[in-house]
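Heads up: the structure comes next, in structure tokens.
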Amino acid sequence: MSAFLPVPPAERRGGRRLWRFLEWTLQADVAPDRPPVRHRFRCAGEYEDGQPCEEEGPVCDDFAEAQRWAYRHLKVHQDHRSYEHVAVTPWLMVPAEEPSP
Ligand SMILES: [Zn+2]
């Protein structure tokens, strides 16, 4: 997916502010030095009155550590058996060309 977005003018030319549009693409960061994927688990269970729990564990670099939160949560709420795994992955906005200063 990409989108054209306005770039604010860096300078005035002839008293007019010149805006231009740049095409930006949102893409996964696949560079070797990208930040690590991080993990979080969120409870998708409900309380007896039907209210969603929505409690969530911490964002962790280690997948097993993120899962441990779900086990701790289950210990306290044994009827909360549905969970969502949230993977935090690094993404970048990449311009079709670098904006000139
Ligand atoms: Zn819960």
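No value in this document is a laboratory result; all are computed from the given coordinates. Given the structure is predicted, the values throughout are model-derived calculations rather than measurements. Cβ placement follows ideal geometry from the backbone for every residue including glycine, while neighbour counts extend to all protein chains displayed.
Before moving on, here are some points about what is shown:
- Counting charges near T89 (Lys, Arg +1; Asp, Glu -1) among other residues having Cβ under 10 Å from its Cβ returns a value of +1.
- The calculated Kirkwood hydrodynamic radius for the chain is 17.4 Å, given to one decimal from all distinct C-alpha pairs.
- Distance-filtered residues of region 33-53 - backbone nitrogen under 19 Å, label point 7 angstrom along F63 Cα→Cβ: 34-43
- Charge dipole magnitude, Cβ of K and R +1, D and E -1 - the chain, Cα centre, debye nearest 20: 640 debye
- Helix 63-76 axis, angle to the chain major axis (alpha carbon atoms, nearest 10°): 40 degrees
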